[in-house]
Amino acid sequence: MQPPARLRERQRRETLKLLHDAAIDLVREGGPAAATIDAITARVGVSRRTFFNYYTSKEDAVLGTTAPVVPQRALDEFFDESSGVDQFTRTVRLISAIIHSTREVDQIDAVEFRELLGRFPELRARLQQHTTAAERLVEGVLTDHFSKDDADSTQAADSARALLLLAGAVMRFAYSRDPDVIEAPDREAVKSAIAVFKAALADVS
């Protein structure tokens, strides 16, 4: 018998998936305009109140995304300076893990997902909002980190922002080569992108 906490988590993920599947089916039938919250909840057989316990908007239901969080394991790995992994790489891994945290359900085929993003700007805009929120979380972690070693708060903020921009650029570069990096942050494309940026920075330093 599953522990109550694990059972609740399994049920939560099942409901997330049901709402996502219903939203996707409605979009396939009539585009995003057809995927209203009322239509989604009617298809699943739940209330609007239940819907908002799981998704903030109909766009989130279509995308299968939730608000980003900082996974404790990713945070621990970022602060683990004894790992032998440099700070730049640890920052890329942190932002990758936080972006990945928005994907809590198994989503549709990657090709169809990208096609939906290409056809419907409102879905792209919502995904970008999640990415921006993820970057803010990373910036907060980095600012706190640099503030411990630098009494100058402005310098700490600047260092955090610069490292965040570099890490974000790595992720965009990796995504341009392999869009599946969002679903699987440990894919080779991320490691390769880190190596490319390190080489480029070494050349100009």
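The values are calculated or read from the model by the stated rules, or taken from the named source; none is laboratory data. Quick caveat: nothing in here was measured; it's all calculated off a predicted structure. Neighbour counts are summed over all protein chains in view; Cβ atoms, including those assigned to glycine, are modelled from backbone coordinates with ideal geometry.
Before we move on, is residue 160 within 17 Å of residue 96 (Cα to Cα), crowded, with 16+ Cβ neighbours inside 10 Å, of a type outside the set (Phe, Trp, Tyr) and touching a Phe, Trp or Tyr at 6+ places or on another chain (Cβ under 7 Å)? Criteria met by residue 160. Just a yes or no: is a residue in region 109-116 more than 15 Å from the chain's Cα centre (by Cα), under 17 Å from residue 68 (Cβ atoms) and without any contact (Cβ under 8 Å) to a residue 24 or more places away in the chain? Checked region 109-116: no residue is more than 15 Å from the chain's Cα centre (by Cα), under 17 Å from residue 68 (Cβ atoms) and without any contact (Cβ under 8 Å) to a residue 24 or more places away in the chain. Note on region 99-133: among residues that are of a type in the set (D, E, K, R) and in a loop (DSSP other than H, G, I, E, B), the one that is nearest to residue 27 (Cα to Cα) is 109. Just so you know, in region 41-67 the residues that are in contact (Cβ under 8 Å) with a residue 60 or more places away in the chain and not hydrophobic (A, V, I, L, M, F, W, C) include one that is nearest to residue 12 (Cα to Cα), and it is 65. Whenever a residue of region 80-107 is over 28 Å from residue 13 (Cβ atoms) and assigned by TED's automatic domain parsing to the domain that holds residue 172, its partners that are among the acidic types (Asp, Glu) and surrounded by 13 or more Cβ atoms within 10 Å (Cβ to Cβ), lying with C-beta atoms within less than 9 angstrom and at least six residues away or across chains, give the pairs 83/77; 85/77; 90/77. Against the definition (surrounded by fewer than 16 Cβ atoms within 10 Å (Cβ to Cβ), assigned to a loop (DSSP other than H, G, I, E, B) and either among the basic types (Lys, Arg) or not assigned by TED's automatic domain parsing to the domain that holds residue 160 (or both)), how does residue 50 come out, yes or no? For residue 50, the condition - surrounded by fewer than 16 Cβ atoms within 10 Å (Cβ to Cβ), assigned to a loop (DSSP other than H, G, I, E, B) and either among the basic types (Lys, Arg) or not assigned by TED's automatic domain parsing to the domain that holds residue 160 (or both) - is not met. Just to be sure before I move on: is residue 120 hydrophobic (A, V, I, L, M, F, W, C), at pLDDT 90 or above and in contact with a Gly (Cβ under 8 Å, 6 or more places away or on another chain) in the structure I sent? It is true that residue 120 is hydrophobic (A, V, I, L, M, F, W, C), at pLDDT 90 or above and in contact with a Gly (Cβ under 8 Å, 6 or more places away or on another chain). Filtered by the rule that a residue be crowded, with 17+ Cβ neighbours inside 10 Å, in a helix (DSSP H, G or I) and either touching a strand residue (DSSP E or B) at 6+ places or on another chain (Cβ under 6 Å) or not small (Gly, Ala, Ser) (or both), region 53-92 gives 54, 58, 59, 60, 62, 63, 78, 89, 90, 91, 92.
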